[in-house]
Amino acid sequence: MSDDHAHVQEFFTARAAGWDSKFPDDGPAYAAAVADLRLGAGDRVLDAGCGTGRALPPLRAAVGPTGVVLGADLTPAMLAAAVAAGRDREGALLLADVAALPLRPECLDAVFAAGLIAHLPHPVENLRELARVVRPGGRLALFHPIGRAALAARQGRQITPEDLRAEPNLRPLLSRSGWRMTSYVDEEARFLALAVRED
């Protein structure tokens, strides 16, 4: 395991038990972002870096009983919190690194990723791995329940020009990774970048 992985696991293990209670009002923002992903009945979707699984219920509602919902996370404690919240009933949980997913190529219709991009050690390669498991024309949602400025203020830091989520940085990053950005929203109440997997 790389130092990056160890750091991410340490960070989230320490916070897993209280994660949902720290952000109790995020449910509607997750549901709205999932709606913007435009999933259909029977679709196959991955929540990459699913954490406590807050996106799993709206993802399941979007794809219905015939769809497939997977949640993958690197941190066992976060997956345990997802199980404790009953969210494993909405989709299958995988202890997996999103940089090396145990999935065959082009097996999914979409990937939802909340708060993931800041934790990717090699963003181009890691986003390319997400593209690998999505069919051509499939979709990606990079989401956060608050915008970049609000998140920076919450964390007591300034936004820098190097921020990967800034549109001038994110658009070419996605392009180099096999994705084409189709929309970008960075508001106080949410961050959502949508992309389509190129052929």
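The values are calculated or read from the model by the stated rules, or taken from the named source; none is laboratory data. This is a predicted model, so every value here is computed, not measured. Using ideal geometry, Cβ is built from the backbone for each residue, glycine included, and neighbour counts are taken over all protein chains shown. The accessibility values were calculated without ligands, DNA or RNA, using every heavy atom of the protein model including side chains. Shrake-Rupley method; radii C 1.70, N 1.55, O 1.52, S 1.80 Å.
Rounded to the nearest whole Å², what accessible area per residue is found for the chain with the 1.4 Å probe? Ligands and nucleic acids excluded, the figure is 47 Å² per residue.
Considering only R128, R44, R104, the Gaussian network model of the chain with Cα springs below 10 Å gives its largest mean-square fluctuation to R104. DSSP bridge analysis restricted to the chain gives an antiparallel fraction near 45%, rounded to the nearest 5. Put simply, when 148-158, 164-174 are sorted by average Cβ atoms within 10 angstrom per residue, most first, you get 164-174, 148-158. Classify region 21-66 as rounded, prolate or oblate from the Cα gyration tensor: take a ≥ b ≥ c as the square roots of its eigenvalues, call it rounded if a/c is under 1.5, otherwise prolate when a/b beats b/c and oblate if not. Judged from the Cα gyration tensor, region 21-66 comes out prolate (a/c at least 1.5, a/b above b/c).
Within 10 Å of each candidate Cβ there may be at most 12 other Cβ atoms; applying that plus a DSSP loop requirement, which GluC sites (Glu not before Pro) in region 38-126 survive?
In loop regions of region 38-126 (DSSP not H, G, I, E or B), there are no sparsely surrounded GluC sites (Glu not before Pro).
For G71, the residues whose amide H sits under 5 Å from its own are D47, A92, L93, L94, ignoring neighbours fewer than 5 places away on the same chain, with H placed 1.01 Å from N. Of the solvent-accessible surface of region 1-197, computed with a 1.4 Å probe and all protein chains present, 55% belongs to carbon and sulfur. For R190, the residues whose modelled amide H falls within less than 5 Å of its own, excluding neighbours fewer than 5 places apart on the same chain, are G147. Just checking my list (i) 15.5, 44; (ii) 23.1, 74; (iii) 20.1, 67 against Rg and Dmax of the Cα atoms in Å computed from this structure; which label fits? Label of the calculated value: (i).
Mean-square fluctuation check for the chain, GNM, Cα pairs under 10 Å: which of D47, D73, D25 is largest? Judging by the Gaussian network model, the answer is D25. Net charge near D88, counting Lys/Arg +1 and Asp/Glu -1 over other residues with Cβ under 14 Å of its Cβ? With Lys, Arg at +1 and Asp, Glu at -1, the net is +1. Distant-in-sequence amide contacts of A114, defined by a placed amide H-H separation under 5 Å and a gap of 5 or more residues or a different chain, comprise A48, F143.
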